[in-house]
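Have a look at the structure below before the remarks.
The values are calculated or read from the model by the stated rules, or taken from the named source; none is laboratory data. Remember, predicted model here, so these are calculated numbers, not experimental data. Because the Cβ atoms are built from the backbone with ideal geometry, glycine has one as well, and the counts that use them run over all protein chains shown. Surface areas here come from the heavy atoms of the whole protein model, side chains and all, with no ligands, DNA or RNA. Shrake-Rupley method; radii C 1.70, N 1.55, O 1.52, S 1.80 Å.
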Amino acid sequence: MTRNRFKASGRNDAWFAGACLTALAVWAAADRANAQTARTQISANVAVVTDYVFRGVSQTEAGGAASAGVELTSGRVYAGVWVSNVAFPGDPDTGAEFDLYAGVRPEFVGWTWDLGVVGYLYDDPSGAECDYVEAKVAAARAVGPATVGFAAFWSPDVFGATEDQATYVEANAAWTVSDRWTVSGTVGRQFVSSDLDYTTWSLGAAVMLNDALTLDLRYHDTDEHGFGDIYGSRAVASLKAAF
(Lines give C-alpha, C1' and ligand atoms only; values in the text may rest on other atoms or scores of the structure.)
Protein backbone atom coordinates (compact mmCIF):
# COMPACT_ATOMS: atom_id res chain seq x y z
CA MET A 1 0.00 0.00 0.00
CA THR A 2 1.32 3.42 -0.92
CA ARG A 3 2.54 5.08 2.27
CA ASN A 4 2.20 8.75 1.36
CA ARG A 5 -1.58 8.56 0.89
CA PHE A 6 -2.03 9.07 4.60
CA LYS A 7 -1.79 11.95 7.05
CA ALA A 8 0.74 11.26 9.78
CA SER A 9 0.07 10.86 13.50
CA GLY A 10 1.87 8.67 16.03
CA ARG A 11 -0.23 9.14 19.19
CA ASN A 12 -2.49 6.13 18.62
CA ASP A 13 0.54 3.99 17.78
CA ALA A 14 2.31 4.91 21.01
CA TRP A 15 -0.66 4.04 23.24
CA PHE A 16 -1.40 0.86 21.30
CA ALA A 17 2.21 -0.36 21.34
CA GLY A 18 2.48 0.30 25.08
CA ALA A 19 -0.68 -1.67 25.82
CA CYS A 20 0.42 -4.60 23.65
CA LEU A 21 3.91 -4.74 25.17
CA THR A 22 2.51 -4.56 28.71
CA ALA A 23 0.17 -7.48 28.03
CA LEU A 24 3.00 -9.50 26.48
CA ALA A 25 5.30 -8.74 29.42
CA VAL A 26 2.70 -10.04 31.90
CA TRP A 27 2.17 -13.20 29.81
CA ALA A 28 5.92 -13.73 29.46
CA ALA A 29 6.50 -13.37 33.20
CA ALA A 30 3.81 -15.94 33.94
CA ASP A 31 5.19 -18.28 31.30
CA ARG A 32 8.73 -18.10 32.69
CA ALA A 33 7.45 -18.66 36.22
CA ASN A 34 5.84 -21.91 35.12
CA ALA A 35 8.81 -23.09 33.02
CA GLN A 36 11.45 -25.17 34.71
CA THR A 37 14.11 -24.17 32.19
CA ALA A 38 14.15 -21.54 29.47
CA ARG A 39 17.30 -21.57 27.40
CA THR A 40 18.01 -18.33 25.55
CA GLN A 41 18.78 -18.71 21.85
CA ILE A 42 19.76 -16.28 19.10
CA SER A 43 19.02 -16.84 15.42
CA ALA A 44 19.77 -14.69 12.39
CA ASN A 45 18.88 -14.51 8.72
CA VAL A 46 19.92 -12.66 5.58
CA ALA A 47 18.10 -12.70 2.24
CA VAL A 48 18.04 -11.25 -1.25
CA VAL A 49 14.82 -11.06 -3.30
CA THR A 50 13.96 -9.91 -6.79
CA ASP A 51 11.03 -7.91 -5.36
CA TYR A 52 10.05 -7.21 -1.74
CA VAL A 53 6.33 -8.09 -1.65
CA PHE A 54 4.27 -7.46 1.49
CA ARG A 55 0.69 -8.74 1.47
CA GLY A 56 0.69 -8.86 -2.30
CA VAL A 57 2.03 -5.33 -2.77
CA SER A 58 5.55 -4.49 -3.97
CA GLN A 59 7.51 -2.44 -1.45
CA THR A 60 10.35 -1.77 -3.88
CA GLU A 61 8.48 -0.77 -7.07
CA ALA A 62 9.32 -4.19 -8.60
CA GLY A 63 13.00 -3.76 -7.74
CA GLY A 64 15.30 -6.04 -5.78
CA ALA A 65 15.83 -5.96 -2.02
CA ALA A 66 18.27 -7.21 0.60
CA SER A 67 17.26 -7.87 4.19
CA ALA A 68 18.66 -9.10 7.50
CA GLY A 69 17.16 -10.04 10.84
CA VAL A 70 18.05 -11.20 14.34
CA GLU A 71 15.72 -12.93 16.83
CA LEU A 72 16.15 -13.74 20.51
CA THR A 73 14.03 -16.50 22.08
CA SER A 74 13.74 -17.64 25.68
CA GLY A 75 11.27 -20.44 26.18
CA ARG A 76 8.08 -19.34 24.42
CA VAL A 77 8.99 -15.64 24.50
CA TYR A 78 10.67 -13.96 21.53
CA ALA A 79 11.81 -10.55 20.28
CA GLY A 80 13.60 -9.47 17.14
CA VAL A 81 14.50 -6.87 14.56
CA TRP A 82 14.37 -7.04 10.76
CA VAL A 83 15.68 -4.53 8.18
CA SER A 84 15.14 -4.14 4.41
CA ASN A 85 15.44 -1.51 1.73
CA VAL A 86 12.17 -0.11 0.32
CA ALA A 87 11.03 2.24 -2.47
CA PHE A 88 7.52 3.73 -2.65
CA PRO A 89 5.84 5.48 -5.61
CA GLY A 90 6.03 9.25 -5.28
CA ASP A 91 8.37 9.05 -2.28
CA PRO A 92 12.02 9.23 -3.35
CA ASP A 93 13.24 9.86 0.22
CA THR A 94 12.12 6.79 2.16
CA GLY A 95 14.62 4.01 1.56
CA ALA A 96 14.67 1.65 4.54
CA GLU A 97 12.23 -0.28 6.73
CA PHE A 98 13.03 -1.35 10.30
CA ASP A 99 10.67 -3.88 11.95
CA LEU A 100 10.72 -4.40 15.71
CA TYR A 101 8.63 -7.26 17.09
CA ALA A 102 7.99 -9.30 20.23
CA GLY A 103 5.56 -11.93 21.41
CA VAL A 104 4.90 -15.36 22.84
CA ARG A 105 4.39 -18.73 21.12
CA PRO A 106 2.31 -20.97 23.41
CA GLU A 107 0.78 -24.30 22.48
CA PHE A 108 -2.82 -25.18 23.34
CA VAL A 109 -5.85 -26.99 21.85
CA GLY A 110 -3.52 -28.73 19.41
CA TRP A 111 -2.28 -25.51 17.79
CA THR A 112 0.96 -23.55 18.04
CA TRP A 113 -0.02 -19.91 18.61
CA ASP A 114 1.85 -16.66 17.99
CA LEU A 115 0.60 -13.64 19.95
CA GLY A 116 2.65 -10.53 19.38
CA VAL A 117 3.11 -6.93 18.36
CA VAL A 118 5.02 -5.57 15.34
CA GLY A 119 6.30 -2.03 14.84
CA TYR A 120 7.06 -0.89 11.27
CA LEU A 121 9.51 2.01 11.22
CA TYR A 122 10.77 3.93 8.17
CA ASP A 123 13.52 6.44 7.54
CA ASP A 124 11.44 9.47 6.56
CA PRO A 125 13.72 12.45 5.85
CA SER A 126 10.76 14.23 4.22
CA GLY A 127 8.76 13.98 7.47
CA ALA A 128 6.06 11.67 6.09
CA GLU A 129 6.04 9.67 9.36
CA CYS A 130 4.80 6.38 7.95
CA ASP A 131 5.51 4.39 11.15
CA TYR A 132 2.75 2.21 12.56
CA VAL A 133 2.11 -0.71 14.94
CA GLU A 134 0.09 -3.92 14.58
CA ALA A 135 -1.16 -6.57 16.99
CA LYS A 136 -0.80 -10.13 15.75
CA VAL A 137 -2.66 -13.38 16.43
CA ALA A 138 -1.61 -16.44 14.43
CA ALA A 139 -1.87 -20.20 14.80
CA ALA A 140 -0.69 -23.29 12.93
CA ARG A 141 -0.87 -27.06 13.24
CA ALA A 142 0.42 -30.10 11.39
CA VAL A 143 -2.04 -32.30 9.51
CA GLY A 144 -0.07 -35.24 8.17
CA PRO A 145 2.60 -33.91 5.76
CA ALA A 146 0.82 -30.54 5.63
CA THR A 147 0.75 -27.52 7.92
CA VAL A 148 -2.32 -25.29 7.99
CA GLY A 149 -2.66 -21.95 9.68
CA PHE A 150 -4.25 -18.54 9.92
CA ALA A 151 -3.18 -15.07 11.00
CA ALA A 152 -4.84 -11.76 11.85
CA PHE A 153 -3.24 -8.32 12.27
CA TRP A 154 -4.87 -5.09 13.49
CA SER A 155 -3.61 -1.52 13.60
CA PRO A 156 -5.47 1.49 15.06
CA ASP A 157 -3.40 3.99 13.07
CA VAL A 158 -2.12 2.40 9.86
CA PHE A 159 0.82 4.21 8.25
CA GLY A 160 0.28 7.06 10.73
CA ALA A 161 -3.25 7.81 9.49
CA THR A 162 -5.38 9.11 12.37
CA GLU A 163 -8.64 7.84 10.86
CA ASP A 164 -7.47 4.66 9.11
CA GLN A 165 -7.75 1.49 11.13
CA ALA A 166 -6.64 -1.63 9.30
CA THR A 167 -7.19 -5.37 9.65
CA TYR A 168 -5.43 -8.09 7.68
CA VAL A 169 -6.58 -11.73 7.82
CA GLU A 170 -4.91 -14.68 6.10
CA ALA A 171 -5.24 -18.42 5.66
CA ASN A 172 -2.12 -20.37 4.73
CA ALA A 173 -1.02 -23.91 4.06
CA ALA A 174 2.22 -25.74 3.27
CA TRP A 175 2.83 -29.26 1.98
CA THR A 176 6.13 -31.05 2.58
CA VAL A 177 6.81 -32.86 -0.68
CA SER A 178 10.16 -34.28 0.43
CA ASP A 179 12.90 -33.64 2.97
CA ARG A 180 13.96 -30.52 1.07
CA TRP A 181 10.93 -29.46 -1.01
CA THR A 182 7.88 -27.58 0.28
CA VAL A 183 4.90 -26.17 -1.63
CA SER A 184 2.88 -23.42 0.06
CA GLY A 185 0.20 -20.83 -0.56
CA THR A 186 -1.71 -18.02 1.13
CA VAL A 187 -5.00 -16.17 0.69
CA GLY A 188 -5.44 -12.88 2.52
CA ARG A 189 -7.74 -9.89 2.76
CA GLN A 190 -6.63 -6.37 3.73
CA PHE A 191 -9.36 -4.17 5.19
CA VAL A 192 -8.72 -0.42 5.52
CA SER A 193 -11.30 2.04 6.81
CA SER A 194 -10.66 4.45 3.92
CA ASP A 195 -11.98 2.01 1.26
CA LEU A 196 -8.60 0.64 0.21
CA ASP A 197 -9.61 -3.01 0.76
CA TYR A 198 -8.16 -5.72 -1.47
CA THR A 199 -7.63 -9.48 -1.62
CA THR A 200 -4.22 -11.06 -2.18
CA TRP A 201 -2.93 -14.57 -2.77
CA SER A 202 0.37 -16.34 -3.38
CA LEU A 203 1.59 -19.77 -4.43
CA GLY A 204 5.13 -21.06 -4.56
CA ALA A 205 7.73 -23.70 -3.80
CA ALA A 206 10.86 -23.68 -1.67
CA VAL A 207 13.87 -25.95 -1.78
CA MET A 208 16.56 -26.26 0.89
CA LEU A 209 19.89 -26.12 -0.93
CA ASN A 210 21.72 -27.06 2.28
CA ASP A 211 21.17 -26.75 6.04
CA ALA A 212 21.33 -22.93 5.85
CA LEU A 213 20.26 -21.84 2.36
CA THR A 214 16.68 -21.90 0.99
CA LEU A 215 15.62 -20.89 -2.52
CA ASP A 216 11.98 -19.81 -2.92
CA LEU A 217 10.06 -19.17 -6.17
CA ARG A 218 6.61 -17.57 -5.68
CA TYR A 219 3.76 -15.93 -7.58
CA HIS A 220 1.86 -13.01 -5.96
CA ASP A 221 -1.30 -11.23 -7.08
CA THR A 222 -4.16 -9.00 -5.87
CA ASP A 223 -7.65 -8.19 -7.12
CA GLU A 224 -7.01 -4.43 -7.22
CA HIS A 225 -4.54 -3.75 -10.03
CA GLY A 226 -6.31 -0.40 -10.42
CA PHE A 227 -4.69 0.80 -7.18
CA GLY A 228 -1.37 1.00 -9.05
CA ASP A 229 1.42 -1.05 -10.56
CA ILE A 230 2.67 -2.16 -7.14
CA TYR A 231 -0.59 -4.13 -6.73
CA GLY A 232 -0.05 -6.08 -9.95
CA SER A 233 0.79 -9.75 -10.41
CA ARG A 234 4.45 -10.71 -10.10
CA ALA A 235 6.80 -13.67 -9.78
CA VAL A 236 9.45 -13.39 -7.10
CA ALA A 237 12.63 -15.38 -6.42
CA SER A 238 14.38 -15.23 -3.04
CA LEU A 239 17.49 -16.74 -1.52
CA LYS A 240 17.59 -16.86 2.27
CA ALA A 241 20.29 -17.97 4.69
CA ALA A 242 19.32 -18.81 8.28
CA PHE A 243 21.79 -19.32 11.11
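Under a point spin-label approximation (7 Å from Cα along Cα-to-Cβ), what is the ALA96-ALA205 distance to one decimal in nm?
Taking the simple label geometry, ALA96 and ALA205 are separated by 3.7 nm.
Multiply the residue separation of VAL83 and GLU71 by 0.36 nm, subtract the distance between their alpha-carbon atoms, and state the gained length in nm to one decimal. The partial results should precede the final answer.
On the way: separation 12, 0.36 × 12 = 4.32 nm, distance 1.21 nm.
Working it through step by step, the gained length comes to 3.1 nm.
Rank these residues by their accessible area, most exposed first, probe 1.4 Å: SER84, SER184. The partial results should precede the final answer.
Working: SER84 5, SER184 30 Å².
Largest accessible area first, the list is SER184, SER84.
Would you check the accessible area of ARG180, probe 1.4 Å, heavy atoms only, in square angstrom rounded to 10?
For ARG180, the solvent-accessible surface is approximately 100 Å².
Taking 7 Å along the Cα-to-C-beta vector as the label spot, tell me the ASP229-ALA242 distance in nanometres, rounded to one decimal.
According to this spin-label approximation, the distance is 3.4 nm.
Starting from the Cα gyration tensor of region 79-232, take the square roots of the eigenvalues, sort them a ≥ b ≥ c, and report rounded, prolate or oblate (rounded when a/c is under 1.5, otherwise prolate if a/b is larger than b/c, else oblate).
Here region 79-232 falls in the prolate category.
Tell me, in nm to one decimal, what length is gained between ARG39 and THR112 on full extension, where the rule is 0.36 nm per residue of separation less the Cα-Cα distance?
So the extension gain works out to 24.4 nm.
Pulled fully out, how much extra length does the chain show between SER193 and VAL48, if you take 0.36 nm times their separation in residues and subtract their Cα-Cα distance? List each step's numbers first, then the result.
Details: separation 145, 0.36 × 145 = 52.20 nm, distance 3.32 nm.
Computed gain between SER193 and VAL48 is 48.9 nm.
How large is the accessible surface per residue of region 193-243, computed with a 1.4 Å probe and reported in Å² as a whole number?
Solvent-accessible surface per residue comes out at 53 Å².
How would LEU121, LEU209 line up by accessible area, probe 1.4 Å, largest first? Before the final figure, lay out the partial values.
On the way: LEU121 60, LEU209 95 Å².
Reading off the accessible areas and sorting them downward yields LEU209, LEU121.
Can you give the net charge of the other residues whose Cβ lies under 13 Å from the Cβ of LEU213, counting K and R as +1 and D and E as -1?
Charge balance near LEU213 sits at 0.
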